[in-house]
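Notes follow the structure.
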Amino acid sequence: MFGTLHHSEFVLVNKLAYMRTEPAHGDIIVFNYPENPSEQFVKRIVAIPGDSIEIRQGSVYVNGEMLNEPYVERGAQIAGFAERDELSLRTVPNDAYFVMGDNRRGSRDSREWGFLPRKFIVGKVWLAYWPPDDFGIIEHFELHVPDPAGRKEAVVFVEVPG
């Protein structure tokens, strides 16, 4: 998740965040890695159940529109890694998510191992506490994602810390 978080940074995770709400576009989550549940990963949700997801020439499209991803550092997009620059159109199944790291070049994510089943999500990243210089609430970004049903108005997801 380099860009938003750094290697060896310690964070607090809100394990109760999804008791009453579902994970949303832009949430930074901790989850048990589906291929080895004893490992935990931190990634950002880019597509939720019912969304269509596609990657063309390194740009991510959700429900037909390219995502504006201010959290992906310039030059850290996928370009240059042909097998990761493209992902054919697919629909996120019920009870699953498509997650990606902010450091697209170095991220092991849904492009590699597929959709993340809901049952593997541990919680939502909330606060960085180590090293002390990085102490603070983790910033979440506003993502504009078109409605998967194809209506013209967009659904706006605004995430607030916590």
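Remark on V145: its backbone amide H falls under 5 Å from those of V155, F157, a criterion applied only to residues 5 or more positions apart or on other chains, H modelled at 1.01 Å from N.
Exposure proxy check: K124, K119 ranked by fewest other beta carbons within 10 Å? Display every interim value, and only then the final one.
Values: K124 24, K119 11.
Fewest to most other Cβ atoms nearby, the residues stand as K119, K124.
For the pair E35 and R105 in one chain, pulling the backbone fully straight at 0.36 nm per residue adds 23.2 nm over the alpha carbon distance. Under 5 Å from the amide H of D27 lie the amide H atoms of I45, each residue being 5 or more positions distant or on a separate chain, with H modelled from the backbone and absent for Pro and chain starts. Taking only the C-alpha atoms of segment 28-77, the Rg (one decimal) and the largest Cα-Cα distance, Dmax (whole number), read 13.0, 35 Å.
In sequence order, segment 103-108 has phi-based couplings of 8, 4, 6, x, 9, 8 Hz under the Karplus curve 6.51 cos²θ - 1.76 cosθ + 1.60, θ = phi - 60°, and Gly or Pro positions carry x.
Along segment 49-65 the Karplus relation, 6.51 cos²θ - 1.76 cosθ + 1.60 evaluated at θ = phi - 60°, assigns HN-Hα couplings of x, x, 6, 9, 10, 8, 10, 10, 6, x, 9, 8, 10, 10, 6, x, 10 Hz to successive residues, with x for each Gly and Pro.
Computed from the coordinates by the stated procedures, all read-outs in this text should not be read as laboratory data. These figures come from a predicted structure and were not determined experimentally. We place every Cβ from the backbone using ideal geometry, glycine too, and count neighbours over all the protein chains shown.
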